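Structure record follows, encoded as structure tokens.
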Amino acid sequence: MKSETKYGMIFNIQKFSINDGPVIRTVVFFKGCPLKCTWCANPESQEPRLQIMWDEKKCLYCNTCVMSCPTLAVKNVDGKIKVDHKRCSGAGVCSERGICIEKCPAHALKAEGERKTVDEIMQVVMQDLPFYEESGGGVTLSGGEATMQPEFAIELLKALKAKNIHTAIETTGFASPAIFQRVIEYLDLLLFDIKHWNEAKHKEKTDVSNVPILKNMKYAIEAGKEVLPRLPVIPDYNNSLDDARGFVQRLKEVGAKRVQLLPFHQFGENKYHMLGRDYAFTDVKALHPEDLRDFQQIFIDNGIEAFF
């Protein structure tokens, strides 16, 4: 039976990735995420709708975009182009790409988010089938959070499994048990983020509880799925040695035997500026593996493999 969900909201398809699952992958980035992590490297992934991004370095300040916007969502405020994303109707009303984008002579505006069918995604994915077959790679669903578009994600995963392509997901794990359990049925690997061991601290920086996340992680492990917990280590949030002990406790509770540590970086900072958003970690120094040896050792001393 064909899914009623014809389109998914996708903001990128990245080929030849080696950091999003085993060996060579194609990564499909879903738009929309229930978490609002303040350090997110892909802030354009958080909102489920199309968004317009402005590149200040390219802008000619000609105000063509301001004059062309039919919903008055694009404005020049104190010499900077601002897009009211709540007012913006997106490309669905304007045109396929958006009138402001089409009219911009300097290409300083771009749309993040595009409706795609499973067939359109599969056409891209299948271009690299020989690489998957030779290397043991495959396709990873990322985002954002693919479980926010569960019917489309399942339809895509079924198409991938029909071609014997290895499937993985980079997930926050924040989904209803019913949806989560349906989606993981078609997954070979879950790259499963764990942001904080303490529920109150988790809510503080992500806007959601970690309780359903930990329950879903436990379910996936007990169901026999390959699960790799991944811990973004964020300065002054979850990087203390007491935090490491707290994470050890949670990982043991869900039955995890290993964890990947992801030191904080600022690779996504410019995207916040392009979205007209403040970046909470300006001037915060990046972390490196050598900064986290004592943190890492606590996991190892407690029988949990921890690596970078």
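The values are calculated or read from the model by the stated rules, or taken from the named source; none is laboratory data. Quick caveat: nothing in here was measured; it's all calculated off a predicted structure. Here Cβ is always computed from backbone atoms with ideal geometry, including for glycine, and neighbour counts include all displayed protein chains.
Structure values in brief
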quantity: The listed residue being closer than 24 Å to L292 by Cβ and either in the same structural domain as P43 (by TED's automatic domain parsing) or of a type in the set (F, W, Y) (or both), out of M148, M217; calculated: M217
quantity: Candidates T64, T71 - the one that is at pLDDT 90 or above and surrounded by 13 or more Cβ atoms within 10 Å (Cβ to Cβ); calculated: T64
quantity: K80 being over 17 Å from the mean Cα position of the chain (by Cα) and either more than 15 Å from R49 (Cα to Cα) or of a type in the set (F, W, Y) (or both); calculated: yes
quantity: Candidate set: segment 220-247, residues that are among the β-branched types (V, I, T) and out of contact with any Asp or Glu (no Cβ under 9 Å at 6 or more places or on another chain); chosen: the one farthest from A280 (Cα to Cα); calculated: I221
quantity: Some residue of segment 43-53 being on the phi > 0 side of the Ramachandran plot, crowded, with 19+ Cβ neighbours inside 10 Å and out of contact with any helix residue (DSSP H, G or I) (no Cβ under 6 Å at 6 or more places or on another chain); calculated: no
quantity: Residue count for segment 236-264, restricted to those that are surrounded by 15 or more Cβ atoms within 10 Å (Cβ to Cβ) and more than 17 Å from D294 (Cα to Cα); calculated: 4
quantity: Residue match in segment 136-155 (condition: of a type outside the set (D, E, K, R), outside any loop (DSSP other than H, G, I, E, B), in contact (Cβ under 8 Å) with a residue 40 or more places away in the chain and over 22 Å from L228 (Cα atoms)); calculated: yes
quantity: Residues located in segment 253-281, provided they are free of Cβ contacts under 8 Å to residues at least 24 places away in the same chain and either touching a strand residue (DSSP E or B) at 6+ places or on another chain (Cβ under 6 Å) or in a loop (DSSP other than H, G, I, E, B) (or both); calculated: Q266, D278, Y279
quantity: Residue check for I101: more than 18 Å from R25 (Cβ to Cβ) and either touching a residue at least 12 places away in the same chain (Cβ under 8 Å) or touching a Leu at 6+ places or on another chain (Cβ under 8 Å) (or both); calculated: yes
quantity: Entirely in segment 163-226, the helices (runs of 4 or more DSSP H) that have 1 or more residues that are surrounded by 19 or more Cβ atoms within 10 Å (Cβ to Cβ), in contact (Cβ under 8 Å) with a residue 24 or more places away in the chain and touching a helix residue (DSSP H, G or I) at 6+ places or on another chain (Cβ under 6 Å); calculated: 177-184, 211-222
quantity: Matching option when the condition is over 23 Å from T167 (Cβ atoms), of a type outside the set (D, E) and in a loop (DSSP other than H, G, I, E, B), among V248, V284; calculated: V284
quantity: Condition met for L231 (closer than 30 Å to K82 by Cα and within 19 Å of the chain's Cα centre (by Cα)); calculated: no
quantity: Test: residue in segment 9-27 that is loosely packed, with under 14 Cβ neighbours inside 10 Å and in the same structural domain as I101 (by TED's automatic domain parsing); calculated: no
